[in-house]
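This report refers to the structure that appears directly beneath it.
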Amino acid sequence: MASVASQPVFAWQQLGIIPGVALRLFGMRRSGNHAIVGWMQRNAPGGRSVFLNNCKPGSDPFRSFRGIEVDGAHAPQHKALRDMASVAGTAGNGALLVMSYEDTSPAEFTGERQVSGPFDEGLLTRNVVIYRSFLNWSASLLKKMQGNSGYSLVRRNAILLRAMDTYTRLLGLVEQARDLAISCISYDRWCGEDAYRAALLAELGLETRDNTLGSVQRYGGGSSFQKEAQSAEDLQTDQRWRQMAGDAEYQAVLHLAARDTALTDRLSRLFPADAAVLSGIAAKAPMANGGLA
């Protein structure tokens with residue numbers, strides 16, 4: 001990616017500022033996306049930032065975001081859609097820009113159609129991919145959907161199985177990260193290792209101002225398991241699959257996942273402990289002896 005500072009001023013006129021660092025972020029829902037963005041904002045140059053949340057894939061991110069924050073605080077979305085510069089411009093030149101995409105990645109786009117539509121990708125400092133261990137991610141996503149009375153069992157599992165397919169391709173990007181010049185953030189390591197977070201800040205060109213996990217983000221309703229948790233340090237994000245182990249729906253999903261070789265092959269390299277659990281599940285029949293008889 002080209003240096004943001006080297007880009008002509010007119011390229012950023014719609015935004016109203018020339019960012020110091022411009023990041024485009026991809027991650028599946030329930031992968032810690034907003035917690036990580038909050039950490040990025042706290043470590044932005046001078047604490048100044050613009051965050052465009054959940055942009056629509058294939059469209060101009062300045063016209064298709066589902067929410068906007070300026071300097072870590074919610075800003076008026078409808079006003080920003082009418083006149084972005086009047087809202088984002090208050091962050092000032094040199095601020096951090098983060099544009100996030102959920103449940104997609106560049107792996108979902110081929111040919112002429114681009115992730116960010118007409119936006120010039122040469123303006124970006126980096127693409128960033130967030131990924132989470134399969135067992136905890138799938139448990140968290142299913143638990144979240146089980147809390148939505150508008151989703152039938154069939155609908156929520158159809159969504160989950162489709163998301164698993166996208167998740168598998170996203171892991172493919174993680175494995176090619178060096179060749180593709182992508183920065184990858186393991187949510188599992190990010191939660192547990194101060195030094196890992198500090199090294200990521202340096203890689204992304206951000207200051208180290210506040211390297212804590214911060215407070216629990218309320219995007220997406222916060223934690224599906226610990227509704228009252230205030231501090232991210234209190235969340236048991238590495239235990240989600242164990243907390244769902246007795247759930248019949250989750251067991252059924254894992255029986256299918258365990259038989260998806262594209263998924264299990266990538267897990268064997270990136271999350272070998274998860275792959276080992278799925279291998280054990282694959283060795284067992286999903287139904288009791290006698291099958292459908």
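The values are calculated or read from the model by the stated rules, or taken from the named source; none is laboratory data. None of these values were measured; they are calculated from a predicted model. When we count neighbours, we look across all protein chains shown, and the Cβ atoms used for this are built from the backbone with ideal geometry, even at glycine. Quick note on the areas: whole protein, heavy atoms, side chains included, nothing else; ligands and nucleic acids left out. Shrake-Rupley method; radii C 1.70, N 1.55, O 1.52, S 1.80 Å.
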query: Taking R0 as 41 Å, what's the FRET efficiency between D60 and V154 from their Cβ-Cβ distance, rounded to 0.05?
result: 0.70
- request: For every helix of n ≥ 4 consecutive DSSP H residues, a contribution of -39,500 (n - 2.57) applies; sum these over the chain, divide by its total residues, and give [θ] at 222 nm rounded to the nearest 500 deg cm²/dmol.
  value: -11500 deg cm²/dmol
query: What net charge do the residues around Y196 carry, taking every other residue with its C-beta under 12 Å from that of Y196, with Lys and Arg at +1 and Asp and Glu at -1?
result: -2
statement: Length-normalised contact order of the chain, Cα under 8 Å, at least 6 apart, in percent, tallies to 21
- request: Find which of S64, S31, S149 sits farthest along the positive direction of the dipole of segment 14-283, computed with +1 on the beta-carbon of Lys and Arg, -1 on that of Asp and Glu, about the Cα centre.
  value: S149
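Considering Cα pairs under 8 angstrom that are at least six residues apart, work out the relative contact order of segment 68-203 and quote it in whole percent. Please list the in-between numbers first.
Details: 84 pairs, mean separation 33.8, N = 136.
Relative contact order here is 25 percent.
Just add up the charged neighbours of N136: K/R +1, D/E -1, any other residue whose Cβ is under 11 Å from the Cβ of N136.
My count for the surroundings of N136 gives +2.
Quick one: dipole size for the chain, taken about the Cα centre, charges +1 on Lys/Arg Cβ and -1 on Asp/Glu Cβ, in debye to the nearest 20.
On the way: 31 positive and 28 negative charges, 129 e Å.
That gives a dipole near 620 debye.
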- prompt: Any idea what the relative contact order of segment 1-156 is, in percent, if you count C-alpha pairs under 8 Å spaced at least 6 apart?
  reply: 36
message: What are the ³J(HN,Hα) couplings of segment 39-45, residue after residue, when phi is run through the Karplus curve with 6.51, -1.76, 1.60 and θ = phi - 60°? Round to Hz, x for glycine and proline.
response: 5, 4, 4, 5, 10, 6, x
- line: Heavy-atom accessible area of I281, protein chains in place, probe 1.4 angstrom, given in Å² to nearest 10, is 30
message: For the chain, give me the percentage of DSSP beta bridges that are antiparallel, rounded to the nearest 5 percent.
response: 25
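Please report the net charge: other residues with Cβ closer than 12 Å to the Cβ of R30, K and R +1, D and E -1.
Summing Lys and Arg as +1 and Asp and Glu as -1 gives +3.
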- prompt: How many angstrom lie between the C-alpha centres of segment 238-275 and segment 145-174?
  reply: 13
- request: Check cross-link reach from K143 to the aspartates and glutamates: straight Cα distance under 20 Å, and skip same-chain residues fewer than eight apart.
  value: E102, D103, D165, D188, E228, D234, D238, D247, E249, D274
query: Where in the chain lies the longest segment free of GluC sites (Glu not before Pro) that are both loop residues by DSSP (not H, G, I, E, B) and have at most 12 other Cβ atoms within 10 Å?
result: 113-227
